[in-house]
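The values are calculated or read from the model by the stated rules, or taken from the named source; none is laboratory data. Remember, it's a predicted structure, so these values are computed and weren't measured experimentally. Glycine also receives a Cβ, built like all others from the backbone with ideal geometry; neighbour counts cover every protein chain displayed. Heavy atoms of the whole protein, side chains included, go into the accessibility calculation; ligands, DNA and RNA do not. Shrake-Rupley method; radii C 1.70, N 1.55, O 1.52, S 1.80 Å.
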Amino acid sequence: MTSKPRTAFIVALGIAAALLATSAISTPAAAANTSIKLYGSRAGGWGLTNTSLSIPGPPLTVYVGDNVTLNLTSLDGFSHRWFIDYNGNNVSGGSEPTSPNFGTALLWNFTVSNVTGTYHYRSDRTAGPGDDLTTMWGNITISANPPSNPLLPGGENTVLIVAGVLIIVAVIAFAAFFWRRMGKRETPPPPPPQ
């Protein structure tokens, strides 16, 4: 048979644990608006500036749900078409984000789908001498969540988590005080006078 104070302690501890558990459930990060400027040419590959072209192009990182605005510029006068090659077949497919053709400059938007991993971004045009596939590629990483600040566990719910921890500590301290008090045996009453 459990005593009333012990039952109250168990109930209070359960409530505190439930509060902490609910506050720890983090809300997903909101999608971001990401802007990327890329310059490209068959001879030089891709670059973030018109003087930094490289093969492979610069690594890009985006997150699921982001609205990405690509500012694409062709430096060689050829027509190019930027896309993410999810399946690695060097051809833009129906589910792969693919820009319209651009011969000079293009501003194009797409929303990052839920296909996490690292893939190649490419241009798959073959007009004129040569083709884009061998030189115009780079790596793009699609991550599920943006990195969170390690100093703020739980992101937006930090205040709730701290409050929950304080409640649990207070409940445990309160219970320990009363348990200790209950554990002391009362001094027996003095014997009756004789």
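The table below gives the values:
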read-out	value
A32/V91 FRET efficiency (R0 30 Å; Cβ-Cβ; nearest 0.05)	0.55
Exposure of I161 as accessible area (Å², to 10), given a probe of 1.4 Å and all protein chains	40 Å²
